[in-house]
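A short reminder: the numbers here are calculations on the coordinates, not readings from a lab. Because the structure is predicted, anything quoted here is derived from the model rather than measured. Reconstructed Cβ throughout: ideal geometry from the backbone, glycine too, with neighbour counts over all protein chains shown.
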Amino acid sequence: MNRRHLLLVTIVGLIGASSGPQLYAEEHNDPALIKLMGEAKITLQQGLTAAAAQGQPISAKFEVEDGNLQLSVYTAKDGKFSEVVVDHVSGKVAKTEPITQGDDLTAAKAQSAAMAKAKTDLKAAVDKAAGQTAGSKTISVTPALKGGNAAASVTLLSGQQFKTVEESLD
């Protein structure tokens, strides 16, 4: 599942959920991602910090792109959106591309709207969620508005199991 589809699925799941976020099983059963996460030498939180130089992080995700592990962070700055790819080994920004159309732009706008209502940043939400599951690795964080309040859906990997935790951004 590519990032565009996953983010859209995540947003639709968050908006349509009455009892919390509902992420589809495809995200939770990605054996390639589980296997490749061993290559990550930095955390999602470190990726958020690195990408912040390019704008406010509005979502982040480890994903498999062309068979390789990639850490992708969406950022917002001056009304424009970018995808910042952070090297999962060095923690340095590898490339930045503008987001100007399609599902990526739709997802970035929704995430930015959620972050505009947030009183805390994504890193704090990830830190809180990760603290609940010792030894887990954070895979993704995606904000959304739920009932007018900002919340972040944080996906963690513990062993071979994915777990999604919803953290308030208020």
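Among the lysines of the stretch 92-159, pairs at least eight places apart or on separate chains and with Cα atoms under 16 Å apart come to 7.
Each residue in 84, 73, 64 was given a count of other beta-carbon atoms within 10 angstrom of its own, and listing them fewest first yields 64, 84, 73. Cβ-to-Cβ counts within 10 Å put 37, 115 in ascending order as 37, 115, the fewest first. Going by neighbour counts of Cβ atoms within 10 Å, the residues 62, 162 line up, fewest first, as 162, 62.
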